[in-house]
1. I'd like the Karplus ³J(HN,Hα) series for region 30-37: coefficients 6.51, -1.76, 1.60, θ = phi - 60°, whole numbers in Hz, and an x wherever there's a Gly or Pro.
2. Roughly what would the spin-label model give for Ile71 and Tyr32, points 7 Å off Cα along C-beta, in nm?
3. Expressed in nm to one decimal, what extension gain is obtained for the pair Thr15 and Lys39 from 0.36 nm per residue of sequence separation less their Cα-Cα distance?
4. Under the Karplus relation 6.51 cos²θ - 1.76 cosθ + 1.60, θ = phi - 60°, what is the ordered set of whole-Hz ³J(HN,Hα) values for region 71-78, x standing for Gly and Pro?
Amino acid sequence: MCFITPGLNEILPTTIQIFHAFLLMKQIQAIYREETTHKYMISDMELKRKAMEKVGSAGNSSYKYKPSADIMNFLNSLC
């Protein structure tokens, strides 16, 4: 026999169950967010790879980025 205030015997188990369900829901949401983020990251990388292939820079050692003089002046001013 538990010596808890009358009425608390009915409330306490329900409160613990609600808290447990809340924690489980938070874990499920975290897992879902992680899986969703990973899917977006993979699809984003795939889109970037396809775009780079279209412009001919993927695996092409002859492709070199040539920044404009304005960009070079800005970068040199940072030093």
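All of the numbers you see were taken from the coordinates with simple rules; none came from a lab. As the structure is a computational prediction, the values presented were derived from the model and not from experiment. Cβ: placed from backbone, ideal geometry, glycine included. Neighbour counts: every protein chain shown.
1. Whole-Hz 3J(HN,Hα) from phi for region 30-37: 5, 5, 4, 4, 5, 5, 5, 4.
2. Placing both labels 7 Å beyond Cα along the Cβ direction yields 4.1 nm.
3. Details: separation 24, 0.36 × 24 = 8.64 nm, distance 3.64 nm.
My answer for the length gained is 5.0 nm.
4. Taking θ as phi minus 60°, the curve returns 5, 5, 4, 4, 4, 5, 6, 6 Hz for region 71-78.
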